[in-house]
Each structure stands twice: as C-alpha cells, then as structure tokens.
Amino acid sequence: MAVLTESIQVERVAKSRLSSIDFNNLGFGAHISDHMLVVDYKDGQWKEPKIQPYGNLDLSPAMLALHYGQSVFEGMKAFKNDAGVITIFRPERHHKRLLKSLERMCMPAVPEELFLNCLSALIEVDADWIPTTEGSSLYLRPFVFASEAKLGVKVADEYKFIILTSPVGPYFAKPVRVKVEEEFVRAAEGGTGFAKCAGNYGGAFYPTMLAQKQGFDQVLWTDAKDHAYIDESGAMNVMFVIDGKLITPKLSTSLLDGVTRDSILVLSKSLEIEKEERRVSVAELQEAFKKGTITEAFGVGTAAVVSQIAMIHIHGVDNNLPAVDVNSFQLRVKKKLNEIRMGLSPDVHGWNYLVRG
Ligand SMILES: *Cc1c(COP(=O)(O)O)cnc(C)c1O
C-alpha cells in the first residue's frame, strides 16, 4: 500500500459528472471518470505527475506516436467491496508487462513506484466512481505515447504517461463463435505480438471485420508461418479443456502474456484440474472435436474475465462445443477469481493491491 496523494498535484473538476451516470447500465468503456493523471517525459526523465479534469489535450499533429506508432497501454481493474476496501488486481504484474511493451517499442521505462502511486492517487480522487455491484469495477487504462513533434522517422525524446479510468458493469457477453484464421496474421515470432502496443489492434481490425461479415464474432489467430498452431483470440488468451485437462498455448513472442491467463493457470491447482502450457495445433482441435474429447473452450482477459466459446470454425467446418453448466471449469474459475477480487475468498497469492483499507 502506497498512497501519496499529497505529493501529487490535484486540480479538481468544478462540477462532477457522476450524477449523470446510470450505474445500472454502465456497459464497457462508455464513461470516463472526472479526472485523469498526466505525466510528461522530457530531458531524459519523468516530470511531476498531475491529476486534472478529464478533457482534451493540446498536442501537435506532428507528434511521433501518430506517425510511427510508439504507443502502448495496459488494462486492469480496481474494486471496492462492501466494507469500502479499494484494491487493484495485480498491478505489479501489469507493470512488468508494461515495461516489456515499452522496451520493445524503444520507449522509456515507467518506474514501478511512479506507476503504483499514480494509480492509487487517481483512484482515491475518483473513488466515488468505483461501482460496487457484483461483477462491476473501475477499469484502469494507463498508456504511454510519443508526444514529441517531428516529422523525421526517429525514436521520440518526449512522451506522455496518462491514466484514464472508467466504471464498467458486469460483462454479459453471449457465447462467441470464432473462426480459425488461415489467411491473415496478427503477429509473427520476433514481432510485437507480446507487447500491448496500439498497432497490434489496428492491424487486427480488418481480418476481424471480415470474419464478422462472415457471421463470426472473433478470430482465433494462428502462427504466422503455417497457420497450424493456435496463438490467441482478439484481445484475449484462449484456453481449452480436452480430456479433462486445461490446455493453453504456451507463451511466445507472438502472443500476449495475459494476467488473467496467468491467474487462471495458478488457480487451476486448487480447482483440481491438470494444466498444460504447450503448442496447440489446429489438427489437435479437429481431432478432439471428432472424438468428442473437447468439452470447453473460452477466452480469458481482464475485460470479460472468461468468455465462453460456443463454436470454433476450422477449414470450413463449424465445430460446436457442449453447453456450459455450473460444474464447468470456466464458470468455477470465473467465480473463484471474482470472489478473490471482492475479498470474499482469501487472497492467498497476494493479488489484491490495497489502495484504501
Ligand atoms: C490485453 C490482452 C490480453 C489479455 O490480457 P489480460 O492481462 O488478461 O487482460 C490478451 N491478448 C491481447 C492481444 C491483449 O491485448
């Protein structure tokens, strides 16, 4: 716990927008809280952070992030339980990943202490924006981008680190239908797939849009070389239950090291399921559908936690998954994770970072 709000300059809004928000109908990412935090990087160092009213920034159209893509982000959640305790889920782990993303994009490291203090201070200021109904949270979006104005291709010398927050409701996603991608590529080994950088998303939009036109909800990305092995899906890692075992593609430079993925792998032990992190081939999935040994498939990520996959389209064939019941691994692990985050289940792994006790 590190709350140093006193040391961070705060300019408060004249009038809060809180009363205009319908907390029973939040959706995801529709509303941004009253304040944002901004830190400038200049002359080789991070300057004083400032919390100010959320609003437009004054930036040059020549800023390097727009032209050459130095822009990375994180996504995590803060919770407030019935006792008013405010926690962030695994921010240290998100910070480690941010460092990897920044390094890959030649951007300056954000020190852990700065990261954690800024998050805590901003959450304190907008604490009333944290929803408390079950499944709700305050989504946190820290991001860093090159703000220097220059047209020549170069690594920027000036950056901004900004945090926005957004109250989000429970994610009532319907089961998704995914298509194994055999033409387009999201990321190749050696590329930027493991970094949470803006360009990965821009490049994924077109194939995803085509898949949606064909009636699918999402793309299941495969390896760039042969389209023979599963990487991940959209903005989520993917997991399968085959022969009663939890199976997920092992990490590589072409997929994102999800915090939800890691948390679920850790929890698999106490939920008494054997886990395997290894390459998962498209052929193995086809075989498992043929034999009926695949019982579950789901995406995992901060936004939805667990998102049920109802159908996987492989080489022109729709492969349906059985219905999910309360004994399924995906619903049990989702419940467990939610209980830990709301303080209803012991936090034996030390995942809840205390903002306000
Ligand atoms: C953010 C993200 C995930 C999920 O990571 P979490 O840390 O679990 O939220 C998975 N894949 C991609 C491409 C992502 O950007």
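Derivation of every value follows stated rules applied to the coordinates shown; laboratory data play no part. Please read all numbers here as calculations on a predicted model, not as lab measurements. When we count neighbours, we look across all protein chains shown, and the Cβ atoms used for this are built from the backbone with ideal geometry, even at glycine.
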Inset, instruction - Assign unit charges at the C-beta atoms only (+1 for Lys and Arg, -1 for Asp and Glu), then state the dipole size of region 176-324 relative to its Cα centre in Debye, rounded to the nearest 20. - result: 180 debye
Inset, instruction - Set the Förster radius R0 to 35 Å, insert the Cβ-Cβ distance between GLN212 and GLU103 as r into 1/(1 + (r/R0)^6), and round the FRET efficiency to 0.05. - result: 0.55
Inset, instruction - Within 10 Å of each residue's Cβ, count the other Cβ atoms and sort PHE23, PHE205, PHE329 from fewest upward. - result: PHE205, PHE23, PHE329
Inset, instruction - Mind putting a number on the dipole of region 29-123 about its Cα centre? Charges go on the C-beta only, +1 for Lys and Arg and -1 for Asp and Glu, and I need it in Debye to the nearest 20. - result: 340 debye
Legend entry - Pairwise label distance in nanometres, VAL85 with ARG17, each label 7 Å out on the Cα-Cβ vector: 3.2 nm
Inset, instruction - Sticking to Cα atoms, compute the Rg of the chain to one decimal and its Dmax as the biggest Cα-Cα distance, whole number, in Å. - result: 20.9, 63
Legend entry - Simple label model, 7 Å out from Cα along Cβ direction - LYS174 to GLU112, nm: 4.4 nm
Inset, instruction - Report the residues of region 263-288 in range of a label on LEU251: point 7 Å along Cα→C-beta, backbone N strictly under 17 Å from it. - result: 263-268, 276-280
Inset, instruction - Put one equal scatterer on each alpha carbon of region 245-295, apply the Debye formula with no solvent term, and list log10 I(q)/I(0) at q = 0.17, 0.26 1/Å to two decimals. - result: -0.61, -1.06
Inset, instruction - Once you've got the GNM for the chain with C-alpha springs shorter than 10 Å, pick whichever of MET76, MET36, MET63 has the biggest mean-square fluctuation. - result: MET63
Inset, instruction - First obtain the Kirkwood hydrodynamic radius of region 176-324 from its Cα pairs, then insert it into the Stokes-Einstein equation at 37 °C and 0.692 mPa s, and state the resulting D in µm² per second as a whole number. - result: 214 µm²/s
